[in-house]
Amino acid sequence: MNWILVIIAGLFEMAFATCLGKARETTGTEMHWWFGGFLASLVASMVLLMKATQSLPIGTAYAVWTGIGAVGTAIIGIVIFKEPATFWRLFFIVTLIGSIIGLKAVSH
């Protein structure tokens, strides 16, 4: 159950990074809504991570949480924000995914 909380917390990390990107692209009321989404996602992510680390190793849980956020945000950057999808960028995203899976596999 706690690994599910880490995964959901990582998804909220992706959401807060996406909201920051969208807030940067907008102005006025729309920017404030995106900033509100950022704050809500940030709080949800931190609360879920805190809850999960009560019974999971902090180093592994934090690394998996960060990895999910990094991979997801990089993919969102490519798909939504039209960032370049170069070979090396995709290569390192794949290696990061492998590292996340490896960390989860060797943790107790």
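The values are calculated or read from the model by the stated rules, or taken from the named source; none is laboratory data. The shown structure was predicted, so the numbers you read here are calculated from the model rather than taken from an experiment. Cβ: placed from backbone, ideal geometry, glycine included. Neighbour counts: every protein chain shown.
Matching residues to (1) more than 15 Å from the chain's Cα centre (by Cα); (2) in a helix (DSSP H, G or I); (3) free of Cβ contacts under 8 Å to residues at least 12 places away in the same chain; (4) surrounded by fewer than 20 Cβ atoms within 10 Å (Cβ to Cβ):
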{"site": "Gly10", "(1), (2), (3), (4)": "no, yes, no, no"}
{"site": "Phe16", "(1), (2), (3), (4)": "no, yes, no, no"}
{"site": "Arg24", "(1), (2), (3), (4)": "yes, yes, yes, yes"}
{"site": "Met31", "(1), (2), (3), (4)": "yes, yes, yes, yes"}
{"site": "Trp34", "(1), (2), (3), (4)": "yes, yes, no, yes"}
{"site": "Leu42", "(1), (2), (3), (4)": "no, yes, no, yes"}
{"site": "Leu48", "(1), (2), (3), (4)": "no, yes, no, no"}
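Against the numbered list (1) small (Gly, Ala, Ser); (2) surrounded by fewer than 17 Cβ atoms within 10 Å (Cβ to Cβ); (3) touching a Lys or Arg at 6+ places or on another chain (Cβ under 9 Å), Ala74 comes up short only at (2).
Checked against the criterion of being at pLDDT 95 or above and more than 19 Å from Val6 (Cα to Cα), the candidates Val79, Val71 yield just one match: Val79.
Select, from Leu56, Leu20, the only residue that is surrounded by 13 or more Cβ atoms within 10 Å (Cβ to Cβ) and within 23 Å of Gly102 (Cβ to Cβ).
On the way: Leu20 fails: within 23 Å of Gly102 (Cβ to Cβ).
Within the list Leu56, Leu20, the selection yields Leu56.
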